[in-house]
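The values are calculated or read from the model by the stated rules, or taken from the named source; none is laboratory data. Source: prediction; values computed, not measured. Reconstructed Cβ throughout: ideal geometry from the backbone, glycine too, with neighbour counts over all protein chains shown. We work out accessible area using only protein heavy atoms, side chains counted, and drop any ligands, DNA or RNA first. Shrake-Rupley method; radii C 1.70, N 1.55, O 1.52, S 1.80 Å.
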Amino acid sequence: MTDEGILNILKTDLQICVDVYDEYLETLILLSKDAIIDEGIKLDMESERDWMLVELYAAYLYRKRKGEKTEMPRMLRCLLNNRLIRQKAGGG
């Protein structure tokens, strides 16, 4: 999936209907990819799991910036931890 596809899903998740925020949201998508890679996770953007992981991380960054919640959601932390453990164990 392309970043444009992730952007569309992110906008739906955040309930944003206008294009005014697209540049900002695209930046959050790039930052999310970098943050996930910094955690040691190898992303395969052909995988639905990975593009959804990027979208969830970008949504977290957006909400954090708005001040809604400052902690990473437990679900997202678990997904990141499980992915890292699976990759370290050789399970992809």
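So which residues in the range 57-82 are assigned to a loop (DSSP other than H, G, I, E, B) and either among the acidic types (D, E) or at pLDDT 95 or above (or both)? I'd like the intermediate steps shown before the answer.
Of the residues in the range 57-82, the ones assigned to a loop (DSSP other than H, G, I, E, B) are 67-73.
Those that are assigned to a loop (DSSP other than H, G, I, E, B) and either among the acidic types (D, E) or at pLDDT 95 or above (or both): E68, E71.
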*Please go through the range 4-35 and pick out each residue that is within 23 Å of R83 (Cα to Cα), surrounded by fewer than 17 Cβ atoms within 10 Å (Cβ to Cβ) and of a type in the set (D, E, K, R).*
D13, D34
_From I41, I29, residue being in a helix (DSSP H, G or I), of a type in the set (A, V, I, L, M, F, W, C) and under 30 Å from A89 (Cβ atoms)_ = I29
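Residue check: is D38 farther than 16 Å from L7 by Cβ, of a type in the set (D, E) and open to solvent by 60 Å² or more (accessible area, probe 1.4 Å)?
On the way: farther than 16 Å from L7 by Cβ: yes; of a type in the set (D, E): yes; open to solvent by 60 Å² or more (accessible area, probe 1.4 Å): yes.
Yes.
Yes or no: D44 touching a helix residue (DSSP H, G or I) at 6+ places or on another chain (Cβ under 7 Å), among the charged types (D, E, K, R) and modelled with pLDDT of 95 or more? Steps first, answer last, please.
Values: touching a helix residue (DSSP H, G or I) at 6+ places or on another chain (Cβ under 7 Å): yes; among the charged types (D, E, K, R): yes; modelled with pLDDT of 95 or more: no.
Spelling it out, it is not the case that D44 is touching a helix residue (DSSP H, G or I) at 6+ places or on another chain (Cβ under 7 Å), among the charged types (D, E, K, R) and modelled with pLDDT of 95 or more.
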*Mind checking whether some residue in the range 56-67 is in contact with a Phe, Trp or Tyr (Cβ under 9 Å, 6 or more places away or on another chain) and surrounded by 15 or more Cβ atoms within 10 Å (Cβ to Cβ)?*
yes
*Could we say that Y62 is in contact with a Ser or Thr (Cβ under 6 Å, 6 or more places away or on another chain), of a type in the set (F, W, Y) and within 21 Å of N8 (Cβ to Cβ) here?*
no
